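The values are calculated or read from the model by the stated rules, or taken from the named source; none is laboratory data. This structure is a prediction, so every number in the text was calculated from the model and none was measured. Don't worry about glycine lacking a Cβ; one is built from the backbone with ideal geometry, like all the others, and counts go over all protein chains shown.
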């Protein structure tokens with residue numbers, strides 16, 4: 001037998017060719033993969049292709065002109081900075097919340113665990129209106145904050161608050177399972193070796209958590225980039241100051257300028273995709289090293 | 001460092017894990033905590049380490065009360081069953097962890113830590129794996145790294161929780177020998193938890209047998225095996241054959257089976273315990289015993305031939321109504337016992353438990369062929 005044949009025999013053993021049913025243990029591979037791909041195409045790929053089609057009708061100069069419009073560029077800055085602030089805040093607060101939910105037993109724990117998902121379940125517009133009311137100058141929070149000279153509603157700070165609210169569950173729900181799976185022996189081993197509590201967290205718990213934490217923060221960030229409903233009610237929407245990119249897309253749509261709307265949307269899409277890809281790749285490499293997979 | 005356990009009790013909800021346990025662990029010795037699961041041996045070890053707190057009682061190291069001392073200040077080495085290596089650290093970083101964790105004033109300089117780590121790597125014979133991650137090691141290697149990590153700060157006390165429990169038989173044997181050498185070299189006061197009686201008897205200087213939160217017996221391995229104090233210890237340490245019946249006029253009867261028990265005054269219920277090597281097999285009943293058994297299985301593997309027999313016309317207690325007798329290969333070649341043959345068990349030394357005493361009376365037929373005699377053990 002030639003080496004090429006041997007090699008292909010090995011490959012076909014490890015990776016059964018599609019259609020080679022007799023060698024596969026679990027049935028239904030073809031059917032399940034087919035249906036999954038179909039729905040990914042219909043729900044994810046096709047709309048994205050539509051977006052690209054719309055953009056490709058423009059010349060590059062037109063495209064560049066639309067996406068570098070000073071008002072739009074200002075909105076990028078506002079959106080990115082607000083999303084960054086919101087996701088960093090969520091990184092800290094979400095970690096704390098996950099920690100409390102996993103590590104301690106207290107009455108009402110199940111309730112809090114359920115409430116964490118509320119931002120996902122609540123229509124974002126409702127969240128936006130509620131937040132705007134609370135933080136308005138005469139609202140429950142706003143009246144106290146204005147005495148301290150802090151304005152939240154209708155400023156970029158309001159955008160951060162809205163973004164943080166809607167994307168908090170991402171961090172909690174990615175960190176929580178990892179925290180639950182941490183073996184208590186690791187901490188006990190560290191303590192028995194004389195490590196202080198701070199050192200145990202820094203050198204034993206956090207290194208195990210941070211791939212998940214980073215994923216959660218990244219998801220929170222990308223979600224915040226595209227947040228619309230919750231933000232527009234509290235942002236104030238002043239050009240160059242508190243306009244987010246998704247509002248710019250909405251404005252172009254209202255002007256029936258679909259091409260321009262798609263062009264701006266494609267910028268947000270690219271940034272999100274690149275970020276998610278980078279994180280996934282980095283994480284795969286990190287886990288491969290640590291887990292020897 | 002001696003370890004004194006004084007009146008330790010621990011309760012988990014409704015479960016009494018430890019029931020007023022007191023123990024003295026001698027300095028420089030390797031002590032085994034042996035018992036079935038749920039006997040409280042791991043809980044006791046964790047309380048000695050400070051990983052668990054007792055409901056009542058005291059722990060002292062060399063006479064100094066450490067009950068309230070935090071685990072990180074007790075300066076003990078602790079080895080876990082599932083290694084508990086830090087998986088995001090290399091082997092070298094794992095071993096250095098204890099030294100890196102020392103407060104700045106006590107921490108040796110970087111170069112010295114490196115030197116110590118290299119020494120330890122050398123000692124566990126894994127210097128070539130210094131930069132690997134735990135996931136890339138085998139179970140035996142992981143446990144050796146865990147051991148090196150636990151002794152890096154030179155603790156006086158080494159505590160091991162089922163250290164070989166997760167390893168396969170061959171590796172376990174190697175590591176056992178290795179641990180014994182390590183112990184002899186460094187003279188820790190060591191305690192290890194195990195449910196494997198062979199491991200406890202082979203490895204330790206002293207065995208503490210535990211059952212249901214109590215200490216059943218403490219003794220050297222050879223003494224413990226030869227003179228168990230209670231039915232539990234007898235049952236737990238090795239295979240045992242039991243004849244349970246009624247003693248009348250110095251004869252123990254059950255069904256058509258009987259054994260004379262010379263010198264026993266007791267009348268009524270009693271159990272005779274016999275180790276597999278304390279019984280011979282004969283083709284006809286002898287003057288002091290009539291114990292007919294039918295051969296169920298013969299196993300030739302090992303230094304001894306193991307014969308499993310089923311009582312004929314009477315019943316044994318426990319062990320699925322099976323008696324086990326060890327005969328030499330020479331005897332086997334002479335007698336050629338095969339499955340289905342009828343044989344008569346001839347006890348040579350036995351241990352009789354009665355309802356009156358918790359401790360057994362030893363009956364020695366071989367010695368007492370002409371002059372029946374009974375020794376009482378205390």
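For the criterion of being modelled with pLDDT of 90 or more and buried (at least 20 other Cβ atoms within 10 Å of the Cβ), residue B:152 passes. Among the residues of the stretch B:197-240, those that are in a strand (DSSP E or B) and in contact with a helix residue (DSSP H, G or I) (Cβ under 7 Å, 6 or more places away or on another chain) comprise B:207, B:209, B:210, B:211, B:216, B:217. Filtered by the rule that a residue be away from every other protein chain (no Cβ under 14 Å) and buried (at least 20 other Cβ atoms within 10 Å of the Cβ), the stretch B:44-56 gives B:44, B:54.
Can you confirm whether the stretch B:57-72 contains a residue that is away from chain A (no Cβ under 13 Å), within 24 Å of residue B:19 (Cβ to Cβ) and touching a helix residue (DSSP H, G or I) at 6+ places or on another chain (Cβ under 8 Å)? Outline the logic, then answer.
So the first thing to find is which residues in the stretch B:57-72 are away from chain A (no Cβ under 13 Å), and the list is B:57-68.
Now restrict to residues that are within 24 Å of residue B:19 (Cβ to Cβ): B:57-61, B:65-68.
With touching a helix residue (DSSP H, G or I) at 6+ places or on another chain (Cβ under 8 Å) added as a condition, the list becomes B:59.
Scanning the stretch B:57-72, I find at least one residue that is away from chain A (no Cβ under 13 Å), within 24 Å of residue B:19 (Cβ to Cβ) and touching a helix residue (DSSP H, G or I) at 6+ places or on another chain (Cβ under 8 Å), so the answer is yes.
Answer yes if at least one residue in the stretch A:159-175 is assigned by TED's automatic domain parsing to the domain that holds residue A:218 and more than 29 Å from the chain's Cα centre (by Cα), and no otherwise.
Let us first name the residues in the stretch A:159-175 that are assigned by TED's automatic domain parsing to the domain that holds residue A:218, namely A:159-175.
Subsequent filtering for residues that are more than 29 Å from the chain's Cα centre (by Cα) retains none.
No, the stretch A:159-175 has no match at all.
A Cβ distance below 8 Å, combined with a sequence gap of six or more or placement on separate chains, defines the contacts here; from the stretch B:79-94, residues that are at the interface with chain A (Cβ under 7 Å from one of its Cβ atoms) reach residues that are assigned to a loop (DSSP other than H, G, I, E, B) and surrounded by fewer than 19 Cβ atoms within 10 Å (Cβ to Cβ) in the pairs B:82/A:183; B:82/B:166; B:84/A:183. When A:118, A:42, A:38, A:51 are screened for being over 30 Å from residue A:258 (Cβ atoms) and either out of contact with any strand residue (DSSP E or B) (no Cβ under 7 Å at 6 or more places or on another chain) or surrounded by 11 or more Cβ atoms within 10 Å (Cβ to Cβ) (or both), only A:118 passes.
Look at residue A:275 and say whether it is free of Cβ contacts under 8 Å to residues at least 12 places away in the same chain and surrounded by fewer than 21 Cβ atoms within 10 Å (Cβ to Cβ). It would help to see each step written out before you state the result.
Details: free of Cβ contacts under 8 Å to residues at least 12 places away in the same chain: no; surrounded by fewer than 21 Cβ atoms within 10 Å (Cβ to Cβ): yes.
No; evaluated as a whole, the condition is false for this residue.
Is one or more of the residues making up the stretch B:27-36 in contact with a helix residue (DSSP H, G or I) (Cβ under 9 Å, 6 or more places away or on another chain), within 14 Å of chain A (Cβ to nearest Cβ), buried (at least 19 other Cβ atoms within 10 Å of the Cβ) and in a loop (DSSP other than H, G, I, E, B)? Looking for residues that are in contact with a helix residue (DSSP H, G or I) (Cβ under 9 Å, 6 or more places away or on another chain), within 14 Å of chain A (Cβ to nearest Cβ), buried (at least 19 other Cβ atoms within 10 Å of the Cβ) and in a loop (DSSP other than H, G, I, E, B), one finds none in the stretch B:27-36, hence no. Once the stretch B:121-132 is narrowed to residues that are within 13 Å of chain A (Cβ to nearest Cβ) and in contact with a helix residue (DSSP H, G or I) (Cβ under 6 Å, 6 or more places away or on another chain), the residue that is nearest to residue B:172 (Cα to Cα) is B:129.
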